[in-house]
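The values are calculated or read from the model by the stated rules, or taken from the named source; none is laboratory data. Model, not experiment: these values are computed from the prediction. Backbone-built Cβ (ideal geometry, glycine too); neighbour counts: all protein chains shown.
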Amino acid sequence: MIGLVEPADRQLRSPLGTASPLLKLGIAIGWLLGLALTLDPVPPAVIIAITLGAGLILGRLPPAGLAAGLAPLWAAALGIGVFNALFSASNADPTLLVAARLGPFRVTEAALAAGVGLAVRVIAIASVGVVFGLTTDSTRLVDALVQQGRVPERFGYGALAAYQAIPRLADDLATLRQARRIRGLRGGWHPRLLVGLLVLAIRHGDRLALAMDARAFGSGRRSRFRVVRWSRWDGALAVGAAAVLALALALG
């Protein structure tokens with residue numbers, strides 16, 4: 001089943017939820033670019049700790065919900081780290097010190113350090129993305145991109161409509177399977193279902209385009225139903241995020 005997880009009202013009313021979505025997106029991108037400058041595992045570990053603490057305290061995220069969102073991504077990150085440590089090219093160098101032997105695999109200290117560093121960086125990226133997603137409303141994010149980021153309205157609200165149409169694909173898939181059962185065919189997976197989903201997606205997109213044209217999107221200056229403004233809290237959050245990144249890189 002295809003679905004979207006939207007933040008709860010408690011998270012949207014939190015200090016992190018009331019901050020500008022564009023600012024939070026910029027902070028996330030800035031942190032990720034900063035992590036790309038180092039291979040040391042200490043900076044991403046600092047980012048992970050700060051991100052989780054901000055999500056629990058400033059974002060009012062429930063620990064169980066945060067853990068549920070992070071678990072599959074953290075498992076994938078650990079798998080990436082183990083894979084890179086086992087199959088690193090440095091394991092074939094006989095001059096390097098051996099950190100462990102796992103069956104036929106010879107893991108050197110350099111390969112282990114590279115695998116740990118990569119795993120921690122992926123975990124940091126996943127943590128930042130999950131906290132950002134669980135404290136940001138998709139509609140307000142697009143409003144901020146259009147009003148503060150000067151993104152074209154047709155692109156911004158078109159992307160929002162496409163994002164919100166994702167659950168409709170699940171309903172369309174269920175309808176197509178039921179139609180196959182009515183015709184006496186198997187209701188399970190079949191390649192022809194892709195053709196039906198494509199046709200329905202094109203029809204939905206055509207209706208959406210007509211609806212946006214009828215509302216004169218992109219035709220000129222428009223009034224705003226939800227106004228997104230910069231605040232002092234946004235400035236304080238930006239300064240704090242820059243300080244966190246500088247501290248993380250300095251410790252590394």
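For this structure, a couple of remarks:
- Those residues of the range 162-182 which are among the charged types (D, E, K, R) and surrounded by fewer than 13 Cβ atoms within 10 Å (Cβ to Cβ), in sequence order: ASP171, ARG181
- Among all positions in the range 116-135, there is at least one residue which is assigned by TED's automatic domain parsing to the domain that holds ALA89, under 24 Å from the mean Cα position of the chain (by Cα) and of a type in the set (Phe, Trp, Tyr).
- Residue check, LEU61 more than 30 Å from LEU12 (Cβ to Cβ) and not aromatic (Phe, Trp, Tyr): no
- Wholly enclosed helices (runs of 4 or more DSSP H) of the range 111-225 bearing at least 3 residues without any contact (Cβ under 8 Å) to a residue 60 or more places away in the chain: 153-164, 166-182, 192-214
- Checked against (1) farther than 26 Å from GLY240 by Cα; (2) in contact with a Phe, Trp or Tyr (Cβ under 6 Å, 6 or more places away or on another chain), ILE123 passes all but a single condition, namely (1).
- Residue within the range 6-20 that is among the acidic types (Asp, Glu) and closer than 30 Å to VAL151 by Cα present: yes
- Apart from one condition, GLU153 fits all of (1) within 30 Å of ALA76 (Cα to Cα); (2) in contact with a Phe, Trp or Tyr (Cβ under 9 Å, 6 or more places away or on another chain); the exception is (1).
- Members of the range 226-238 that are surrounded by 10 or more Cβ atoms within 10 Å (Cβ to Cβ) and not in a loop (DSSP other than H, G, I, E, B): TRP233, ASP234, GLY235, ALA236, LEU237, ALA238
- Picking from residues in the range 35-63 that are modelled with pLDDT of 90 or more and of a type in the set (Gly, Ala, Ser), the one that is nearest to LEU118 (Cα to Cα) is ALA45.
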